[in-house]
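Here is the structure we will look at.
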Amino acid sequence: MDEICERYASVMRHIEDAARASGRKPAAVRLVAVSKFHPPAALARLADCGQRDFGESRAQEGSTKIATLSDPALEWHFLGPLQRNKARLIAGRFHWLHSLESLETADALSRHLATSNARLRVLIEVNVTADPRKHGVAPTDLLPFLEAYSAHPRIGLDLVGLMTIAPHGGSESVVRKAFAHLRELACVSRQAFGLPGFDELSMGMSDDYHWAIAEGATLVRVGRALFGERTTTPATEAQAP
């Protein structure tokens, strides 16, 4: 077994161990391989090892990889902040969006989805730590956001949960507090709006996904632990017209 498959097997074992330790079924946690900046060949090799979910943060780069790999068994997750003018690159190509933070973007996605007859599972990004360097809706703004979102249906969008990024390098107690906060916000949201299927919690990365699983994560976003360190970073993605 080559190095990438060994890493994959190790991450899957850690996910299973963390799930069982918290009284959960391993199948309740989905691994999203964060593949941005990694070449399509590395993604193809990881898919050969058994991985099916891949996460990209740049619309053009991700769209190119989707076309290159062209495997209907794979599911594609868009993880980064999304500008309205990139909605056309997401709708009909990606299966999941983890980073919704504006109604205008939701409207743009819905317009494009209406013409492609495709669906997109959407999570709202919440900035649970009020970090000015991070994107997302403030916790105090989440219920008003959901109220406005629920005011009228949006074709093609399935609102399925919440996403957050924990403090980088934080202690276990600090990181788990952030994840627990997101779980509580999801519970409050379901009760307030009776949202069907609003059960997904996207939280946890290479350094803290085991803590996220303990706090209820259903989607963990792991890159470095699967692919290793990136050796290069492509130039900033050009703006789409």
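Assorted remarks:
- Conditions (1) at pLDDT 95 or above; (2) over 27 Å from R93 (Cα atoms): number failed by G204: (2)
- Of all residues in the range 19-71 being among the acidic types (D, E) and more than 15 Å from the chain's Cα centre (by Cα), the one that is surrounded by the most Cβ atoms within 10 Å (Cβ to Cβ): E61
- R84 meets each of the listed conditions (1) surrounded by fewer than 16 Cβ atoms within 10 Å (Cβ to Cβ); (2) out of contact with any helix residue (DSSP H, G or I) (no Cβ under 7 Å at 6 or more places or on another chain); (3) not polar (S, T, N, Q) apart from (2).
- Test for S173: is it at pLDDT 95 or above, over 18 Å from the mean Cα position of the chain (by Cα) and closer than 25 Å to E16 by Cβ: yes
- Annotation note: of V128, V175, the sole residue that is over 25 Å from L46 (Cα atoms), of a type outside the set (D, E) and touching a His at 6+ places or on another chain (Cβ under 8 Å) is V128.
- Applying the condition of being of a type in the set (V, I, T) and within 11 Å of M163 (Cα to Cα) to the range 190-222 and asking which residue is surrounded by the fewest Cβ atoms within 10 Å (Cβ to Cβ) yields T218.
- Residue match in the range 195-213 (condition: among the small types (G, A, S) and over 17 Å from the mean Cα position of the chain (by Cα)): no
- Verdict on A33 being in a strand (DSSP E or B), of a type outside the set (V, I, T) and in contact (Cβ under 8 Å) with a residue 40 or more places away in the chain: yes
- Check on S22, modelled with pLDDT of 95 or more, within 21 Å of I213 (Cβ to Cβ) and hydroxyl-bearing (S, T, Y): yes
- Subset tally (residues that are closer than 15 Å to A41 by Cβ and either in contact with a helix residue (DSSP H, G or I) (Cβ under 9 Å, 6 or more places away or on another chain) or not in a loop (DSSP other than H, G, I, E, B) (or both)) for the range 68-80: 4
- Of residues in the range 1-18 being surrounded by 13 or more Cβ atoms within 10 Å (Cβ to Cβ) and among the charged types (D, E, K, R), the one nearest to L201 (Cα to Cα): E16
- Just one of the listed residues (A118, A106) is surrounded by 14 or more Cβ atoms within 10 Å (Cβ to Cβ), aliphatic (A, V, I, L, M), over 24 Å from G223 (Cβ atoms) and in contact with a His (Cβ under 9 Å, 6 or more places away or on another chain), namely A118.
- Scan the range 85-124 for residues that are of a type in the set (D, E) and touching a Leu at 6+ places or on another chain (Cβ under 9 Å) and the total you get is 1.
- For the range 16-30, the tally of residues that are within 18 Å of L226 (Cα to Cα), out of contact with any helix residue (DSSP H, G or I) (no Cβ under 6 Å at 6 or more places or on another chain) and in a helix (DSSP H, G or I) stands at 1.
The values are calculated or read from the model by the stated rules, or taken from the named source; none is laboratory data. Keep in mind it's a predicted model, so treat the numbers as computed, not measured. As a convention, Cβ positions derive from the backbone with ideal geometry for all residues, glycine included, and neighbour counts pool all protein chains shown.
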